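Below: one structure, written as structure tokens.
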Amino acid sequence: VSRISELIAVDTVRKLIREYGEGLNTDLLILDKDRNVIAGFPVDVQNGELTERPLLLRESMVGYVAMRGAAGGHALDFIAQNLSRIIEMAYEIESLSGEVARNYEELSLLWNISFRLGAGLDVDTICTVLADEMMNLCPAHSVSIFLVSEMPSDRLIPAELSGARRAAPASGKQILLPRVSLGEYANKASMMTLKTDSGLLGYVHEKKESITVCDVSEDDRFEGFPYPVRSLLIVPLIVEDAMIGALVASDKLDGQEFYSTDIKLISGIASACAVSIKKAFLFDDLRGMLFSTAEAFSFAIDAKDPYTYGHSKRVAETSVSIAEAAGFSAEMVNWLKLAALLHDIGKIGTPENILHKTGKLDDAEMCMMKEHPVIGARMIQHIPRLKEISLWIRHHHEKYDGSGYPSGLKGEDIPLVSRIIAISDCFDALTTDRPYRRALSREEAINIMRESEAKHFDPVLFGYFDRIAE
Ligand SMILES: [Fe+2]
């Protein structure tokens, strides 16, 4: 600390030295290290005859207390001691309030991060949040988030769920691949591979703790990067004692070293992100399972009718294209895909002689055929979280002019997803062989659909379909 004026409330000191001065019947001065007057009478300190005593802070000299003339040295010793104590206390208060401010900053940052992570993000977004925060806190030439490759989901699932598979030792070494890279070397960093059995990463992996290296050329563990590096910070992403990835940052933009306060803060953010990454992987696994199950169901439906083999999957693909063109969010596209895969699941309840009939269906048969959206919706509606999907399935045969079934809904009363599935369903039906006719070409199908567009389809959604089909 070179400026004691920053540490002491000058008014208090003025008052103090006035009182001391009056007691001693003289004037007192406070000078800083360079002999600039901080408090006291105006004086040419270079030429004046002053008796001085040093003011100390943790045994370092930070200034002087001085008085005119040579008398009263003992009194000045006593004053210097007292002032030194006051400076010491001011310094303690300053450091404590600095620490409180840093802790507050740290907490509010962590709170913000947890808030952002609480939204149930995907792995890439979480990695971007982490890399962004690192860049904000310590702008660096490069910041990358690496994750263990082929993230074996069973390693992340609690032991009681994955049973014996988890007990098996992880075979061989782990490779870390970059998931997100920021900074001027992002391109080069995004092509890097790191191993966890040697070098700096090996150390971090074994110790499960962050490290900083001030100069990699002096560290034997450094195995080379495809871009220029001098100082490095590596923070492991740990979940349940396993390293699932690492944050790697090189060279702060201001040329300074990575400080321990930086590391503490980044490590806190990294642990919050690591837990969210684990959750996101688990969620991906569950979603994957849900989709495989839905696909298996859709094959089961299509298998009942050789003519419609692969129909549900194709309808799902076309519906996804329309939804993406219409700007649906990724999450919404996923739910729509699920609904499209399952849209004809109610046909499980339709007799095969009706499904396979080559001639025209009689009224009773048509009635049974038209029940499949309702049966399908009923099958799905009891599954938690699929209630809305059951509604989309129920209405996939509605027509825009209200002439469809089962409810004769019109226009925008028909759920949006059902309106999309209706377009893809019609296109796939026209372009595949049916018991009663050969498949039409894509052009013929689109022309027929254009003719009936106004009656059957949502014009805006059909516009997206038409552009995709083109
Ligand atoms: Fe259908």
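The single condition from (1) in contact with a Lys or Arg (Cβ under 9 Å, 6 or more places away or on another chain); (2) open to solvent by 10 Å² or more (accessible area, probe 1.4 Å) that Ala323 fails is (2). Scanning segment 335-365 for residues that are among the hydrophobic types (A, V, I, L, M, F, W, C), part of a helix (DSSP H, G or I) and within 16 Å of the ligand (Cβ to nearest atom) gives Leu336, Leu338, Ala339, Ala340, Leu341, Leu342, Ile345, Ile348, Ile354, Leu355.
Quick check: is even one residue across segment 331-339 in contact with a strand residue (DSSP E or B) (Cβ under 8 Å, 6 or more places away or on another chain) and surrounded by 20 or more Cβ atoms within 10 Å (Cβ to Cβ)? Taking every residue of segment 331-339 in turn, none turns out to be in contact with a strand residue (DSSP E or B) (Cβ under 8 Å, 6 or more places away or on another chain) and surrounded by 20 or more Cβ atoms within 10 Å (Cβ to Cβ). Every condition in (1) open to solvent by less than 50 Å² (accessible area, probe 1.4 Å); (2) outside any helix (DSSP H, G or I); (3) modelled with pLDDT under 90 is met by His382 except one, and the failing one is (1). Within segment 209-224, the set of residues being touching a residue at least 40 places away in the same chain (Cβ under 8 Å) and buried (at least 18 other Cβ atoms within 10 Å of the Cβ) comprises just one member, Ser210.
Among the residues of segment 227-256, which ones are closer than 20 Å to Met135 by Cβ, of a type outside the set (Gly, Ala, Ser) and open to solvent by 50 Å² or more (accessible area, probe 1.4 Å)?
Applying the first criterion (closer than 20 Å to Met135 by Cβ) to segment 227-256 yields 227-237, 245-256.
From what is left, the residues that are of a type outside the set (Gly, Ala, Ser) are 227-230, 232-237, 247-248, 251-254, 256.
Answer for segment 227-256, where residues must be closer than 20 Å to Met135 by Cβ, of a type outside the set (Gly, Ala, Ser) and open to solvent by 50 Å² or more (accessible area, probe 1.4 Å): Pro228, Arg230, Leu253, Asp254, Gln256.
The residues of segment 457-470 that are in a helix (DSSP H, G or I) and surrounded by 19 or more Cβ atoms within 10 Å (Cβ to Cβ), listed by number, are Leu461, Phe462, Tyr464, Phe465. Taken residue by residue, segment 396-417 has no member that is assigned to a helix (DSSP H, G or I) and within 13 Å of the ligand (Cβ to nearest atom).
For the subset of segment 437-454 comprising residues that are of a type in the set (A, V, I, L, M, F, W, C) and more than 18 Å from Arg314 (Cα to Cα), which member is nearest to the ligand (Cβ to nearest atom)?
Kept after step one, since they are of a type in the set (A, V, I, L, M, F, W, C), are these residues of segment 437-454: 439-440, 445-446, 448-449, 454.
Filter once more, keeping what is more than 18 Å from Arg314 (Cα to Cα): 448, 454.
Working: Ile448: 18, Ala454: 22 Å.
Here the residue is Ile448.
Of all the criteria given as (1) of a type outside the set (Gly, Ala, Ser); (2) outside any loop (DSSP other than H, G, I, E, B); (3) surrounded by 15 or more Cβ atoms within 10 Å (Cβ to Cβ); (4) more than 16 Å from the ligand (Cβ to nearest atom), the one not satisfied by Glu388 is (3). Of all the criteria given as (1) out of contact with any Phe, Trp or Tyr (no Cβ under 6 Å at 6 or more places or on another chain); (2) modelled with pLDDT of 80 or more; (3) farther than 30 Å from Leu265 by Cβ, the one not satisfied by Ala90 is (3). Within segment 424-436, one or more residues are crowded, with 17+ Cβ neighbours inside 10 Å, within 15 Å of the ligand (Cβ to nearest atom) and small (Gly, Ala, Ser). The sole residue among Phe291, Phe297, Phe283 that is open to solvent by 70 Å² or more (accessible area, probe 1.4 Å), in a helix (DSSP H, G or I), more than 15 Å from the ligand (Cβ to nearest atom) and not hydroxyl-bearing (Ser, Thr, Tyr) is Phe283. State yes or no: is Phe291 at pLDDT below 90 and either within 19 Å of the chain's Cα centre (by Cα) or within 23 Å of Leu341 (Cβ to Cβ) (or both)? Judged against the criteria, Phe291 is a match. Considering (1) assigned to a loop (DSSP other than H, G, I, E, B); (2) open to solvent by 30 Å² or more (accessible area, probe 1.4 Å); (3) within 16 Å of the ligand (Cβ to nearest atom), the lone condition that Met368 does not fulfil carries the number (1). Is it true that Ser162 is open to solvent by 10 Å² or more (accessible area, probe 1.4 Å) and either in contact with a helix residue (DSSP H, G or I) (Cβ under 7 Å, 6 or more places away or on another chain) or modelled with pLDDT of 50 or more (or both)? Taking the combined requirement at face value, the residue satisfies it.
Pairs meeting the criteria (first residue in segment 99-122 and open to solvent by 60 Å² or more (accessible area, probe 1.4 Å), second residue not small (Gly, Ala, Ser), beta carbons under 6 Å, at least 6 apart or on different chains) are Arg116/Val129.
The values are calculated or read from the model by the stated rules, or taken from the named source; none is laboratory data. The shown structure was predicted, so the numbers you read here are calculated from the model rather than taken from an experiment. Positions of Cβ are generated from backbone atoms using ideal geometry, with glycine treated the same way; all protein chains shown enter the neighbour counts. To get the accessible areas, we keep the full protein, side chains included, count just its heavy atoms, and leave off ligands, DNA and RNA. Shrake-Rupley method; radii C 1.70, N 1.55, O 1.52, S 1.80 Å.
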